Amino acid sequence: MRRRGIAHFTSAGIASRTTQIGARSFEGIRRGLYSTSAQLAELDHNKLVIDRTKAPKPKIPNEQLVFGTQFSDHMLTVEWDKEKGWDKPHIKPYQNLSLDPASSVFHYALECYEGMKAYKDANGKVRLFRPMENMKRFNRSCSRLVLPTIKEEELLECIKELVRIDKDWVPQGKGYSLYLRPCMIATQNFLGVAPTGKALCFVILSPVGPYYRSGTSSLPVRLIADTKFVRAWPGGTGNSKVGGNYGPTVLSQKEAEKMGYNQILWLYGPDHQVTEVGTMNMFVAFQHKNGEKELVTAPATSEGVVLSGITRDSIIQLVKQLPGWRVTERPYTMKEIVDAHDEGRLIEAFGCGTAAVVSPIQAIGYNGKEISFPLGNSGQAGNLTQHLADTLAAIQYGEVPHDWSIVID
Ligand SMILES: *Cc1c(COP(=O)(O)O)cnc(C)c1O
(Lines give C-alpha, C1' and ligand atoms only; values in the text may rest on other atoms or scores of the structure.)
Protein backbone atom coordinates (compact mmCIF):
# COMPACT_ATOMS: atom_id res chain seq x y z
CA MET A 1 0.00 0.00 0.00
CA ARG A 2 2.67 2.43 1.10
CA ARG A 3 4.80 1.62 -1.94
CA ARG A 4 1.98 2.57 -4.28
CA GLY A 5 1.46 5.80 -2.35
CA ILE A 6 5.09 6.76 -2.76
CA ALA A 7 4.94 6.01 -6.49
CA HIS A 8 2.07 8.48 -6.86
CA PHE A 9 4.18 11.26 -5.41
CA THR A 10 7.38 10.53 -7.30
CA SER A 11 6.10 10.19 -10.86
CA ALA A 12 3.20 8.91 -12.90
CA GLY A 13 2.63 6.15 -15.47
CA ILE A 14 5.70 4.01 -15.83
CA ALA A 15 6.93 4.47 -12.29
CA SER A 16 3.65 3.41 -10.75
CA ARG A 17 3.42 0.46 -13.12
CA THR A 18 6.86 -0.77 -12.14
CA THR A 19 5.97 -0.34 -8.51
CA GLN A 20 2.83 -2.39 -9.00
CA ILE A 21 4.72 -5.21 -10.66
CA GLY A 22 7.25 -4.98 -7.86
CA ALA A 23 4.51 -5.08 -5.26
CA ARG A 24 2.88 -8.04 -6.96
CA SER A 25 5.99 -10.19 -7.08
CA PHE A 26 6.90 -9.21 -3.53
CA GLU A 27 3.42 -10.26 -2.42
CA GLY A 28 3.81 -13.48 -4.40
CA ILE A 29 7.11 -14.33 -2.81
CA ARG A 30 5.72 -13.48 0.63
CA ARG A 31 2.79 -15.78 0.04
CA GLY A 32 5.02 -18.41 -1.55
CA LEU A 33 2.44 -18.86 -4.24
CA TYR A 34 4.25 -18.49 -7.55
CA SER A 35 5.00 -21.75 -9.23
CA THR A 36 6.67 -21.83 -12.60
CA SER A 37 3.57 -21.52 -14.72
CA ALA A 38 -0.02 -21.98 -13.57
CA GLN A 39 -1.97 -19.35 -11.68
CA LEU A 40 -2.61 -20.83 -8.24
CA ALA A 41 -6.00 -20.58 -6.61
CA GLU A 42 -6.29 -18.44 -3.49
CA LEU A 43 -8.54 -19.39 -0.62
CA ASP A 44 -12.06 -18.02 -1.23
CA HIS A 45 -14.64 -18.11 1.56
CA ASN A 46 -17.41 -17.71 -1.03
CA LYS A 47 -16.62 -21.27 -2.12
CA LEU A 48 -17.25 -22.71 1.36
CA VAL A 49 -18.88 -26.13 1.25
CA ILE A 50 -20.91 -26.77 4.39
CA ASP A 51 -21.89 -30.24 5.60
CA ARG A 52 -23.74 -30.10 8.87
CA THR A 53 -23.58 -32.91 11.35
CA LYS A 54 -26.64 -35.17 11.62
CA ALA A 55 -25.64 -36.21 15.13
CA PRO A 56 -24.91 -33.11 17.24
CA LYS A 57 -23.08 -33.97 20.46
CA PRO A 58 -24.51 -32.93 23.83
CA LYS A 59 -23.05 -29.59 25.05
CA ILE A 60 -20.86 -29.75 28.13
CA PRO A 61 -21.82 -27.84 31.31
CA ASN A 62 -19.27 -25.12 32.20
CA GLU A 63 -18.09 -26.82 35.38
CA GLN A 64 -17.15 -29.98 33.42
CA LEU A 65 -14.94 -28.22 30.87
CA VAL A 66 -11.31 -29.35 30.92
CA PHE A 67 -8.89 -27.36 28.75
CA GLY A 68 -8.33 -28.85 25.29
CA THR A 69 -10.18 -32.14 25.83
CA GLN A 70 -13.64 -31.54 24.37
CA PHE A 71 -14.42 -30.46 20.81
CA SER A 72 -17.37 -28.92 19.02
CA ASP A 73 -19.54 -30.49 16.29
CA HIS A 74 -17.75 -29.08 13.23
CA MET A 75 -14.32 -28.41 11.81
CA LEU A 76 -12.87 -26.52 8.86
CA THR A 77 -10.51 -28.12 6.37
CA VAL A 78 -8.80 -26.70 3.27
CA GLU A 79 -6.32 -28.59 1.13
CA TRP A 80 -3.40 -27.06 -0.74
CA ASP A 81 -1.47 -28.45 -3.64
CA LYS A 82 1.54 -26.74 -5.17
CA GLU A 83 0.18 -27.15 -8.72
CA LYS A 84 -3.34 -25.90 -8.00
CA GLY A 85 -3.14 -23.74 -4.91
CA TRP A 86 -5.97 -23.70 -2.38
CA ASP A 87 -8.98 -25.96 -2.84
CA LYS A 88 -12.53 -25.12 -1.71
CA PRO A 89 -12.79 -24.66 2.06
CA HIS A 90 -14.98 -27.24 3.75
CA ILE A 91 -16.92 -27.09 7.03
CA LYS A 92 -17.86 -30.60 8.06
CA PRO A 93 -18.63 -32.75 11.09
CA TYR A 94 -15.67 -33.06 13.49
CA GLN A 95 -13.90 -36.23 12.38
CA ASN A 96 -10.61 -38.10 12.09
CA LEU A 97 -8.13 -37.18 9.40
CA SER A 98 -6.88 -39.88 7.07
CA LEU A 99 -3.23 -39.35 6.13
CA ASP A 100 -0.49 -41.32 4.45
CA PRO A 101 1.99 -42.47 7.13
CA ALA A 102 4.79 -40.99 5.00
CA SER A 103 3.27 -37.48 5.30
CA SER A 104 6.14 -35.21 6.24
CA VAL A 105 4.25 -33.75 9.22
CA PHE A 106 4.82 -37.07 11.01
CA HIS A 107 8.56 -37.16 10.36
CA TYR A 108 9.91 -33.62 10.42
CA ALA A 109 7.32 -31.68 12.41
CA LEU A 110 6.26 -29.61 9.40
CA GLU A 111 3.41 -28.20 11.41
CA CYS A 112 2.42 -24.86 12.85
CA TYR A 113 -0.66 -23.60 14.63
CA GLU A 114 -2.48 -20.70 16.22
CA GLY A 115 -4.45 -20.27 19.43
CA MET A 116 -7.32 -17.80 19.66
CA LYS A 117 -10.65 -17.55 21.45
CA ALA A 118 -14.31 -16.71 20.81
CA TYR A 119 -16.12 -15.11 23.75
CA LYS A 120 -19.87 -14.82 24.36
CA ASP A 121 -20.90 -11.45 25.77
CA ALA A 122 -23.80 -10.79 28.16
CA ASN A 123 -26.11 -10.21 25.15
CA GLY A 124 -25.22 -13.59 23.67
CA LYS A 125 -23.12 -12.01 20.90
CA VAL A 126 -20.01 -13.93 19.89
CA ARG A 127 -16.75 -11.98 19.74
CA LEU A 128 -13.18 -12.59 18.60
CA PHE A 129 -10.16 -10.80 20.08
CA ARG A 130 -7.74 -9.20 17.55
CA PRO A 131 -8.16 -12.19 15.19
CA MET A 132 -6.24 -10.64 12.28
CA GLU A 133 -3.12 -10.71 14.46
CA ASN A 134 -3.47 -14.49 14.68
CA MET A 135 -3.92 -14.76 10.92
CA LYS A 136 -0.75 -12.74 10.30
CA ARG A 137 1.28 -14.75 12.81
CA PHE A 138 -0.05 -18.00 11.31
CA ASN A 139 1.36 -16.97 7.93
CA ARG A 140 4.68 -16.00 9.50
CA SER A 141 4.92 -19.46 11.10
CA CYS A 142 3.95 -21.13 7.80
CA SER A 143 6.63 -19.17 5.96
CA ARG A 144 9.25 -20.29 8.48
CA LEU A 145 8.52 -23.94 7.53
CA VAL A 146 7.96 -23.29 3.81
CA LEU A 147 4.36 -24.37 4.30
CA PRO A 148 1.91 -22.52 2.05
CA THR A 149 0.57 -19.24 3.32
CA ILE A 150 -3.10 -18.41 3.11
CA LYS A 151 -5.14 -15.26 2.45
CA GLU A 152 -5.60 -13.85 5.93
CA GLU A 153 -9.00 -12.17 5.44
CA GLU A 154 -10.38 -15.23 3.65
CA LEU A 155 -9.24 -17.68 6.32
CA LEU A 156 -10.73 -15.41 8.97
CA GLU A 157 -14.08 -15.35 7.10
CA CYS A 158 -14.07 -19.17 6.99
CA ILE A 159 -13.25 -19.34 10.71
CA LYS A 160 -16.04 -16.87 11.52
CA GLU A 161 -18.50 -19.04 9.59
CA LEU A 162 -17.31 -22.13 11.47
CA VAL A 163 -17.77 -20.37 14.81
CA ARG A 164 -21.25 -19.12 13.78
CA ILE A 165 -22.26 -22.68 12.91
CA ASP A 166 -20.98 -23.90 16.30
CA LYS A 167 -21.98 -20.79 18.23
CA ASP A 168 -23.93 -22.85 20.78
CA TRP A 169 -20.53 -24.30 21.70
CA VAL A 170 -19.26 -20.92 22.88
CA PRO A 171 -19.83 -21.18 26.63
CA GLN A 172 -21.36 -18.21 28.40
CA GLY A 173 -19.78 -16.76 31.54
CA LYS A 174 -16.67 -14.86 32.55
CA GLY A 175 -13.59 -17.03 32.19
CA TYR A 176 -15.32 -19.35 29.68
CA SER A 177 -14.71 -19.29 25.95
CA LEU A 178 -14.35 -21.35 22.79
CA TYR A 179 -10.68 -21.97 22.05
CA LEU A 180 -9.96 -21.99 18.29
CA ARG A 181 -7.05 -24.01 17.00
CA PRO A 182 -6.05 -23.35 13.36
CA CYS A 183 -3.34 -25.69 12.20
CA MET A 184 -1.26 -26.23 9.04
CA ILE A 185 0.38 -29.59 8.30
CA ALA A 186 2.54 -30.94 5.48
CA THR A 187 0.71 -33.88 3.89
CA GLN A 188 2.99 -34.87 1.04
CA ASN A 189 4.08 -38.50 1.29
CA PHE A 190 7.80 -38.03 0.93
CA LEU A 191 10.58 -38.93 3.36
CA GLY A 192 12.98 -36.26 2.11
CA VAL A 193 13.51 -33.13 4.19
CA ALA A 194 12.15 -30.63 1.67
CA PRO A 195 9.36 -28.10 1.12
CA THR A 196 6.02 -29.89 0.98
CA GLY A 197 3.97 -30.01 -2.21
CA LYS A 198 0.73 -30.70 -0.33
CA ALA A 199 -0.67 -29.28 2.85
CA LEU A 200 -3.80 -29.29 4.93
CA CYS A 201 -5.09 -26.35 6.92
CA PHE A 202 -7.70 -27.27 9.50
CA VAL A 203 -9.42 -25.53 12.37
CA ILE A 204 -10.96 -27.24 15.40
CA LEU A 205 -12.88 -25.67 18.29
CA SER A 206 -12.72 -26.55 21.97
CA PRO A 207 -14.96 -25.09 24.70
CA VAL A 208 -12.79 -24.13 27.68
CA GLY A 209 -12.99 -22.75 31.18
CA PRO A 210 -10.41 -20.81 33.20
CA TYR A 211 -6.96 -22.39 32.79
CA TYR A 212 -6.44 -22.53 36.53
CA ARG A 213 -9.73 -21.57 38.14
CA SER A 214 -10.04 -18.19 39.91
CA GLY A 215 -12.31 -15.56 38.32
CA THR A 216 -10.80 -13.42 35.55
CA SER A 217 -7.20 -14.08 36.49
CA SER A 218 -5.83 -17.56 37.04
CA LEU A 219 -4.58 -19.05 40.30
CA PRO A 220 -1.00 -18.04 41.14
CA VAL A 221 1.66 -20.43 39.84
CA ARG A 222 5.07 -21.53 41.09
CA LEU A 223 7.85 -21.61 38.48
CA ILE A 224 11.17 -23.38 38.29
CA ALA A 225 13.86 -21.48 36.38
CA ASP A 226 15.37 -24.06 34.05
CA THR A 227 19.16 -23.83 33.93
CA LYS A 228 19.50 -27.10 31.99
CA PHE A 229 17.17 -27.05 28.98
CA VAL A 230 16.73 -24.12 26.58
CA ARG A 231 13.42 -23.46 24.77
CA ALA A 232 14.66 -21.20 22.00
CA TRP A 233 17.81 -19.48 20.75
CA PRO A 234 18.79 -16.72 18.32
CA GLY A 235 18.28 -17.90 14.76
CA GLY A 236 15.91 -20.66 15.91
CA THR A 237 12.13 -20.88 15.68
CA GLY A 238 11.11 -19.60 19.12
CA ASN A 239 9.23 -16.67 17.59
CA SER A 240 7.12 -18.97 15.38
CA LYS A 241 4.24 -21.10 16.65
CA VAL A 242 5.69 -24.29 15.17
CA GLY A 243 4.82 -27.61 16.84
CA GLY A 244 8.49 -28.58 16.97
CA ASN A 245 9.09 -25.96 19.66
CA TYR A 246 6.72 -27.59 22.13
CA GLY A 247 7.24 -31.37 22.05
CA PRO A 248 10.72 -31.16 23.58
CA THR A 249 9.42 -29.08 26.52
CA VAL A 250 7.27 -31.93 27.84
CA LEU A 251 10.27 -33.48 29.60
CA SER A 252 11.20 -30.27 31.42
CA GLN A 253 7.55 -29.73 32.35
CA LYS A 254 7.39 -33.24 33.83
CA GLU A 255 10.55 -32.64 35.86
CA ALA A 256 9.18 -29.31 37.10
CA GLU A 257 6.01 -31.00 38.33
CA LYS A 258 8.06 -33.70 40.10
CA MET A 259 9.82 -30.91 41.98
CA GLY A 260 6.50 -29.33 42.99
CA TYR A 261 6.36 -26.50 40.45
CA ASN A 262 3.59 -25.70 37.95
CA GLN A 263 5.59 -24.33 35.03
CA ILE A 264 9.06 -23.73 33.61
CA LEU A 265 10.67 -20.31 33.51
CA TRP A 266 12.75 -20.40 30.33
CA LEU A 267 16.16 -18.76 30.52
CA TYR A 268 18.67 -18.02 27.82
CA GLY A 269 22.43 -17.51 27.82
CA PRO A 270 25.17 -17.68 30.47
CA ASP A 271 23.73 -14.61 32.19
CA HIS A 272 20.33 -16.38 32.55
CA GLN A 273 18.19 -13.91 30.64
CA VAL A 274 14.50 -14.39 31.39
CA THR A 275 12.56 -15.21 28.21
CA GLU A 276 9.17 -16.90 28.67
CA VAL A 277 7.15 -18.98 31.11
CA GLY A 278 5.73 -22.32 29.90
CA THR A 279 3.95 -21.30 26.70
CA MET A 280 3.33 -17.75 27.87
CA ASN A 281 5.12 -14.42 27.71
CA MET A 282 6.59 -13.22 31.00
CA PHE A 283 6.29 -9.81 32.69
CA VAL A 284 8.03 -8.62 35.87
CA ALA A 285 7.17 -5.37 37.70
CA PHE A 286 10.12 -3.68 39.42
CA GLN A 287 10.19 -0.84 41.89
CA HIS A 288 13.36 1.13 41.13
CA LYS A 289 15.46 2.95 43.69
CA ASN A 290 14.45 6.29 42.13
CA GLY A 291 10.80 5.47 42.88
CA GLU A 292 9.91 4.58 39.31
CA LYS A 293 7.71 1.54 38.65
CA GLU A 294 8.72 -0.41 35.56
CA LEU A 295 6.93 -3.35 33.94
CA VAL A 296 9.48 -5.34 31.95
CA THR A 297 9.16 -8.04 29.31
CA ALA A 298 11.85 -9.56 27.10
CA PRO A 299 11.96 -8.20 23.53
CA ALA A 300 10.12 -10.30 20.91
CA THR A 301 12.44 -9.65 18.00
CA SER A 302 12.94 -11.62 14.82
CA GLU A 303 16.05 -13.03 16.52
CA GLY A 304 13.75 -15.82 17.64
CA VAL A 305 13.96 -16.29 21.41
CA VAL A 306 10.58 -14.89 22.43
CA LEU A 307 7.22 -15.46 20.77
CA SER A 308 5.39 -12.28 19.87
CA GLY A 309 2.22 -12.85 21.90
CA ILE A 310 -0.97 -10.95 21.11
CA THR A 311 -1.84 -10.84 24.81
CA ARG A 312 1.70 -9.53 25.43
CA ASP A 313 1.23 -6.77 22.86
CA SER A 314 -2.21 -5.89 24.26
CA ILE A 315 -0.78 -5.62 27.79
CA ILE A 316 2.08 -3.40 26.60
CA GLN A 317 -0.47 -1.11 24.94
CA LEU A 318 -2.70 -1.03 28.03
CA VAL A 319 0.13 -0.29 30.46
CA LYS A 320 1.38 2.54 28.20
CA GLN A 321 -1.93 4.27 29.08
CA LEU A 322 -1.59 3.61 32.83
CA PRO A 323 -0.39 6.56 34.92
CA GLY A 324 2.55 5.77 37.23
CA TRP A 325 3.92 2.95 35.10
CA ARG A 326 6.63 2.61 32.49
CA VAL A 327 6.49 -0.52 30.30
CA THR A 328 9.71 -1.65 28.66
CA GLU A 329 10.71 -4.37 26.23
CA ARG A 330 14.31 -5.10 27.13
CA PRO A 331 16.54 -8.01 28.06
CA TYR A 332 16.59 -8.73 31.81
CA THR A 333 18.27 -11.44 33.86
CA MET A 334 17.66 -13.63 36.88
CA LYS A 335 20.27 -11.53 38.71
CA GLU A 336 18.08 -8.45 38.33
CA ILE A 337 15.13 -10.39 39.79
CA VAL A 338 17.21 -11.82 42.66
CA ASP A 339 18.65 -8.38 43.49
CA ALA A 340 15.23 -6.72 43.42
CA HIS A 341 13.87 -9.54 45.61
CA ASP A 342 16.68 -9.15 48.15
CA GLU A 343 16.15 -5.39 48.23
CA GLY A 344 12.36 -5.68 48.53
CA ARG A 345 11.80 -4.08 45.11
CA LEU A 346 9.86 -6.85 43.36
CA ILE A 347 6.31 -5.63 42.87
CA GLU A 348 4.80 -8.63 41.09
CA ALA A 349 5.12 -10.90 38.04
CA PHE A 350 2.78 -12.70 35.66
CA GLY A 351 2.69 -14.80 32.52
CA CYS A 352 0.23 -14.10 29.72
CA GLY A 353 -1.19 -15.80 26.66
CA THR A 354 -4.51 -16.59 25.03
CA ALA A 355 -5.12 -19.80 26.98
CA ALA A 356 -4.62 -18.58 30.57
CA VAL A 357 -4.92 -14.87 29.59
CA VAL A 358 -3.10 -13.60 32.71
CA SER A 359 -1.39 -15.97 35.11
CA PRO A 360 -0.05 -14.50 38.39
CA ILE A 361 3.32 -15.77 39.57
CA GLN A 362 3.75 -16.65 43.20
CA ALA A 363 7.35 -17.84 43.28
CA ILE A 364 10.37 -18.81 41.19
CA GLY A 365 12.71 -21.60 42.24
CA TYR A 366 16.24 -20.71 41.06
CA ASN A 367 19.58 -22.29 41.94
CA GLY A 368 18.14 -23.86 45.08
CA LYS A 369 16.63 -20.58 46.24
CA GLU A 370 12.95 -19.58 46.33
CA ILE A 371 12.10 -16.08 45.11
CA SER A 372 8.60 -15.12 46.15
CA PHE A 373 6.43 -12.37 44.68
CA PRO A 374 3.85 -10.24 46.48
CA LEU A 375 0.27 -11.20 45.54
CA GLY A 376 -1.54 -7.91 46.09
CA ASN A 377 -4.71 -7.12 48.00
CA SER A 378 -6.53 -10.25 46.82
CA GLY A 379 -3.72 -12.58 47.91
CA GLN A 380 -4.27 -14.25 44.49
CA ALA A 381 -2.66 -11.80 42.07
CA GLY A 382 -0.62 -8.62 42.20
CA ASN A 383 -2.70 -5.44 41.90
CA LEU A 384 -1.41 -4.61 38.41
CA THR A 385 -1.84 -8.24 37.32
CA GLN A 386 -5.43 -8.21 38.59
CA HIS A 387 -6.14 -4.87 36.91
CA LEU A 388 -4.82 -6.16 33.58
CA ALA A 389 -6.75 -9.43 33.86
CA ASP A 390 -9.95 -7.49 34.60
CA THR A 391 -9.35 -4.95 31.81
CA LEU A 392 -8.63 -7.61 29.19
CA ALA A 393 -11.65 -9.66 30.26
CA ALA A 394 -13.89 -6.58 30.11
CA ILE A 395 -12.74 -5.97 26.51
CA GLN A 396 -12.91 -9.63 25.47
CA TYR A 397 -16.44 -10.05 26.88
CA GLY A 398 -17.61 -6.77 25.34
CA GLU A 399 -18.29 -4.97 28.64
CA VAL A 400 -16.01 -2.16 27.54
CA PRO A 401 -16.23 -1.18 23.87
CA HIS A 402 -12.87 -1.58 22.13
CA ASP A 403 -11.87 -2.16 18.52
CA TRP A 404 -9.86 -5.22 19.62
CA SER A 405 -13.13 -7.07 20.18
CA ILE A 406 -14.92 -8.04 16.96
CA VAL A 407 -18.58 -9.13 17.06
CA ILE A 408 -19.10 -11.95 14.56
CA ASP A 409 -22.65 -13.06 15.36
C1 LIG B 1 1.16 -18.75 21.97
C2 LIG B 1 2.33 -18.41 22.81
C3 LIG B 1 2.37 -17.27 23.61
C4 LIG B 1 1.18 -16.37 23.79
O5 LIG B 1 0.75 -15.75 22.62
P6 LIG B 1 -0.73 -15.14 22.56
O7 LIG B 1 -0.82 -14.59 21.19
O8 LIG B 1 -0.81 -14.11 23.61
O9 LIG B 1 -1.66 -16.27 22.82
C10 LIG B 1 3.54 -16.98 24.29
N11 LIG B 1 4.62 -17.78 24.22
C12 LIG B 1 4.62 -18.91 23.49
C13 LIG B 1 5.83 -19.75 23.45
C14 LIG B 1 3.48 -19.26 22.77
O15 LIG B 1 3.48 -20.39 22.05
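The values are calculated or read from the model by the stated rules, or taken from the named source; none is laboratory data. Small disclaimer: the values here were computed from a predicted structure and weren't measured. Methodologically, a virtual Cβ is constructed for each residue, glycine included, from the backbone with ideal geometry; neighbour enumeration extends over all protein chains shown. Accessible surface areas use protein heavy atoms only, side chains included; no ligands, DNA or RNA. Shrake-Rupley method; radii C 1.70, N 1.55, O 1.52, S 1.80 Å.
Local charge sum around M259 (other residues, Cβ-Cβ under 15 Å, Lys/Arg +1, Asp/Glu -1)? Around M259, the surrounding residues sum to +1.
Rounded to the nearest 20, the size of the Cβ-charge dipole of segment 45-209 about its Cα centre is 420 debye, with Lys and Arg at +1 and Asp and Glu at -1. Summing +1 for each Lys or Arg and -1 for each Asp or Glu among the other residues whose beta-carbon sits under 11 angstrom from that of K241 gives +2. What Kirkwood Rh does the chain have if only Cα atoms enter the pairwise 1/r average? Answer in Å. That comes to 22.9 Å for the chain.
Fully extending the segment from W325 to Q64, taken as 0.36 nm per residue of separation minus the present Cα-Cα distance, adds 90.0 nm. What angle, in degrees between 0 and 90 and rounded to the nearest 10, separates the Cα long axis of helix 13-31 from the longest principal axis of the Cα atoms of the chain? For 13-31 against the chain, the angle is about 70 degrees.
Using a 1.4 Å probe and counting only protein heavy atoms, arrange D409, D87 so the residue with the most accessible area comes first. Each step should come with its number before you reach the end.
Working: D409 55, D87 85 Å².
Most to least solvent-accessible, the answer reads D87, D409.
Relative to the Cα centre, the charge distribution of the chain, modelled as +1 at Lys and Arg Cβ and -1 at Asp and Glu Cβ, gives a dipole magnitude of about 660 debye.
Which of D313, D81, D390 moves most in a GNM of the chain, Cα contacts under 10 Å? Fluctuation is largest for D313. Accessible surface comparison of K258, K136, K82, K160, probe 1.4 Å, protein chains only, largest first: the order is K258, K82, K136, K160. Accessible area per residue for segment 45-209, computed on protein heavy atoms with a 1.4 Å probe, is 44 Å².
DSSP bridge analysis restricted to segment 221-374 gives an antiparallel fraction near 70%, rounded to the nearest 5.
Once you keep just the Cα pairs under 8 angstrom separated by 6 or more residues, what percentage relative contact order results for segment 209-289? Averaging sequence separation for qualifying contacts and normalising by length gives 28 percent for segment 209-289. Dipole magnitude for segment 245-370: about 160 debye, using +1 per Lys or Arg Cβ and -1 per Asp or Glu Cβ, origin at the Cα centre. Taking amide H as placed 1.01 Å from N in the peptide plane, K117 has its amide H under 5 Å from the amide H of F129, L180, each at least 5 places away in sequence or on another chain. Within the set K47/K92; K228/K369; K57/K160; K241/K320; K293/K320; K82/K151, which residue pairs have Cα atoms separated by over 18 Å? Check vs 18 Å cut-off fails for K57/K160; K241/K320. With the simple spin-label model, which puts each label point 7 Å out from Cα in the Cβ direction, the I50 to K84 separation comes to 2.3 nm.
Under the simplified labelling scheme, the R181-D100 pair shows an inter-label distance of 2.6 nm, with each label point 7 Å from Cα along Cα→Cβ. The candidates D168, D73, arranged from most to least accessible area with a 1.4 Å probe in the full protein assembly, appear as D168, D73.
Taking Lys and Arg as +1 and Asp and Glu as -1, the other residues whose beta-carbon sits under 15 Å from that of Q321 total 0. The K228 and H288 beta-carbon pair, evaluated with R₀ = 35 Å, returns a calculated FRET efficiency of approximately 0.65.
Of the solvent-accessible surface of the chain, computed with a 1.4 Å probe and all protein chains present, 53% belongs to carbon and sulfur. Quick check: the angle from helix 152-165's long axis to the longest principal axis of the chain, C-alpha only, nearest 10 degrees? Rounded to the nearest ten degrees, it is 80. Heavy-atom accessible surface of segment 217-399, averaged per residue, reaches 40 Å², computed with a 1.4 Å probe.
Model label points for D313 and Y246, set 7 angstrom from Cα along the Cα-to-Cβ axis, are 2.0 nm apart. Can you pull the accessible area of E111 for me, 1.4 Å probe, Å² to the nearest 10? Its accessible surface works out to 30 Å², give or take rounding.
Relative to the longest principal axis of the chain, what angle (0 to 90°, nearest 10) does the C-alpha long axis of helix 310-320 take? For 310-320 against the chain, the angle is about 50 degrees.
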